């Protein structure tokens with residue numbers, strides 16, 4: 001699977017395209033084949049480290065909460 005990964009907090013050059021292992025699904029998870037993804041203000045603020053004292057994201061992490069696609073698999 002492909003993902004844009006944030007390796008460190010910074011405004012420029014923070015993202016890199018990486019091959020990631022397919023995640024193991026838990027009971028309430030779904031695996032989505034993403035066809036479109038949005039980037040919103042929250043994503044840019046997380047990338048910049050503006051919320052690093054109050055949110056659980058620590059580099060490296062994957063951004064993205066707004067996606068559209070096809071459910072490939074679902075947990076039990």
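Looking at the stretch 45-60, which of the residues that are out of contact with any strand residue (DSSP E or B) (no Cβ under 9 Å at 6 or more places or on another chain) and in a helix (DSSP H, G or I) is surrounded by the fewest Cβ atoms within 10 Å (Cβ to Cβ)?
45
Can you tell me which residue in the stretch 61-76 is modelled with the highest pLDDT, limited to those that are in a loop (DSSP other than H, G, I, E, B) and surrounded by 12 or more Cβ atoms within 10 Å (Cβ to Cβ)?
This residue is 63.
For the stretch 1-31, name all the residues that are assigned to a loop (DSSP other than H, G, I, E, B), farther than 18 Å from residue 68 by Cα and touching a residue at least 40 places away in the same chain (Cβ under 8 Å).
Listed by number, the residues that qualify are 7, 8, 9, 20, 25, 26, 27, 28.
Suppose the filter is in contact (Cβ under 8 Å) with a residue 24 or more places away in the chain, surrounded by 11 or more Cβ atoms within 10 Å (Cβ to Cβ) and part of a helix (DSSP H, G or I); does residue 42 pass it?
For residue 42, the condition - in contact (Cβ under 8 Å) with a residue 24 or more places away in the chain, surrounded by 11 or more Cβ atoms within 10 Å (Cβ to Cβ) and part of a helix (DSSP H, G or I) - is not met.
The values are calculated or read from the model by the stated rules, or taken from the named source; none is laboratory data. Not measured: the values here are computed from a predicted model. In this analysis, Cβ positions are derived from the backbone assuming ideal geometry, glycine residues included, and neighbour counts consider all displayed protein chains.
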